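Take a look at the structure below.
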Amino acid sequence: MVVKRVDDGDTVDPSAEVKELITDWEDPEGTIHPAGTKLELDAETAAELEQLGLLGPTAI
């Protein structure tokens, strides 16, 4: 699982997906990411969070 918070102006890995959370989410390490946070995700993690209904459309 690759999860990295993305702020405006950050450089993003071109192979990653950047999505915006539509609800709060606590990652496996215990970090709480509030709704509206943009996250850089690997494809597997993005698919998992989309299935849970936690992600909005592509953010960047």
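None of 2, 6 is free of Cβ contacts under 8 Å to residues at least 60 places away in the same chain, of a type outside the set (D, E, K, R) and open to solvent by less than 50 Å² (accessible area, probe 1.4 Å) except 6.
If you go through segment 14-42 and pick out every residue that is surrounded by 13 or more Cβ atoms within 10 Å (Cβ to Cβ) and assigned to a loop (DSSP other than H, G, I, E, B), you end up with 6.
When the residues of segment 43-58 are narrowed to those that are outside any helix (DSSP H, G or I) and touching a Leu at 6+ places or on another chain (Cβ under 8 Å), which ends up farthest from residue 12 (Cα to Cα)?
Among them, the one singled out is 54.
The values are calculated or read from the model by the stated rules, or taken from the named source; none is laboratory data. Model, not experiment: these values are computed from the prediction. All Cβ positions, even for glycine, are placed from backbone atoms using ideal geometry, and neighbour counts span all protein chains on display. Protein only, heavy atoms only, side chains kept; ligands, DNA and RNA dropped before computing areas. Shrake-Rupley method; radii C 1.70, N 1.55, O 1.52, S 1.80 Å.
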